[in-house]
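In what follows, a structure is listed as structure tokens, so that the remarks can point back to it.
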Amino acid sequence: MRRRLAEGLAVVLSVASLGAGAASRPSSLEAAKVTQPPVIETGGHNRKKSTSPKSKAYQIGTASWYGQQFEGRQTASGELFDMRDFTAAHPSLPLGSFVRVTNLRNGKFVVVRINDRGPFVDDRIIDVSYNAARALGFKERGLQTVRLDLYQPRNMALLQPVANLH
């Protein structure tokens with residue numbers, strides 16, 4: 001429970017550091033459980049400018065998602081898979097690293113933590129959790145072309161597990 005709460009806080013705080021409109025801090029520890037991450041859409045004259053980096057993408061390709069059928073199973077990192085967390089499987093990125101996944105069809109993005117290995121299908125570059133796919137807007141499609149950018153949270157200390165939290 002403590003670890004999940006710390007991870008939820010880490011996702012909220014890392015996305016909040018992306019800039020205006022991203023997220024506000026939770027008012028209580030219970031509210032820190034992330035169920036819907038902030039999503040920034042790009043395009044349109046009334047929307048905020050994209051905060052996407054101008055740098056070269058780490059990887060562009062097809063993403064898929066996994067959910068209920070893997071719920072509670074152990075991931076490569078040793079933790080149990082929770083389809084509501086913003087996590088993903090990647091074949092080679094270090095476990096525990098963060099990746100910004102951008103849906104190239106609609107401009108929505110989320111930050112996920114790599115906690116598993118996969119996908120094990122040749123034409124896919126990442127498997128995101130159910131909740132990440134929902135936030136990215138491709139849950140119904142199943143597959144989507146995405147851009148992956150390595151993401152370094154501004155304050156890594158915020159990502160450390162909270163000790164003695166009761």
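Rule-based calculations on the coordinates, nothing more; no lab input. Note that this is a predicted model, so its numbers are computed, not measured. Here Cβ is always computed from backbone atoms with ideal geometry, including for glycine, and neighbour counts include all displayed protein chains.
A few points about this structure:
- The selection criterion, being touching a Phe, Trp or Tyr at 6+ places or on another chain (Cβ under 7 Å) and not charged (D, E, K, R), does not hold for V121.
- Among residues that are in contact (Cβ under 8 Å) with a residue 60 or more places away in the chain, out of contact with any Gly (no Cβ under 8 Å at 6 or more places or on another chain), closer than 15 Å to G61 by Cβ and in a strand (DSSP E or B), V128 is included.
- The single condition among (1) assigned to a loop (DSSP other than H, G, I, E, B); (2) more than 18 Å from Q144 (Cβ to Cβ); (3) not polar (S, T, N, Q) that R113 does not meet is (1).
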